[in-house]
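Notes to accompany the following structure.
Taken together, the values in this text are just the output of simple stated rules run on the coordinates, not laboratory data. As the structure is a computational prediction, the values presented were derived from the model and not from experiment. Neighbour counts are summed over all protein chains in view; Cβ atoms, including those assigned to glycine, are modelled from backbone coordinates with ideal geometry.
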Amino acid sequence: MDTHVILWGYSEPTRVSRAALAAITSRQNECFVSLASLWEIAIKARKGQLSPPDDLPEQIRANPQLRLLSITAEHAWGVRKLPRLHGDPFDQMLISQALCERLTLVTHDRLMANYGVPVLEA
């Protein structure tokens, strides 16, 4: 899931599309939250741009539908092959992770699909 989808899920769930919500809550799917997203949220919270719950990592771990996705060397190294379509390094990591792990990225950012990663509109 893209970072904004995680935030919407906890603060504004009505912003998440029905299709995305159904996919995220389906027991047939594994849903991943990248550590890159938690890092991005932490940085924006420190800058005063966001006010996430203090226990967000614990909330994610406690949700049986979600799994944390670590950043591997392959994920980091995969960024070098990405075309320069998106300037956000956190989004580049999410794209690399989705490509490496063969995951569908749940996002509202239409630019993500231009990388050849499967996208589910959030």
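Top mean-square fluctuation among ALA45, ALA22, ALA73, Gaussian network model of the chain, C-alpha springs under 10 Å?
ALA73
Under 17 Å from a point 7 Å along the Cα-to-Cβ line of VAL79: which residues of region 33-64 have their amide N that close?
Output list for this probe position: 34-44.
Amide H of VAL119 versus every other amide H placed in the peptide plane: which residues, excluding those fewer than 5 positions away on the same chain, fall under 5 Å?
Counting only residues 5 or more places away or on other chains, the set is LEU105.
Name the longest site-free stretch of the chain, where the excluded sites are trypsin sites (Lys or Arg not before Pro) in a DSSP loop with no more than 13 other beta-carbon atoms within 10 Å.
Within the chain, the longest run free of exposed trypsin sites (Lys or Arg not before Pro) spans 48-83.
Could you point to the residue in LEU120, PRO64, LEU99 farthest towards the positive end of the chain's charge dipole, with +1 and -1 charges on the Cβ of Lys/Arg and Asp/Glu respectively?
Final value for the positive-end residue is LEU99.
Quick one: if the Förster radius is 41 Å, what FRET efficiency do ASN114 and ALA62 give, using the C-beta to C-beta distance and rounding to 0.05?
The formula returns an efficiency of 0.75 here.
Out of LEU66, LEU111, LEU56, any idea which swings most in a Gaussian network model of the chain, alpha carbons joined below 10 Å?
LEU111
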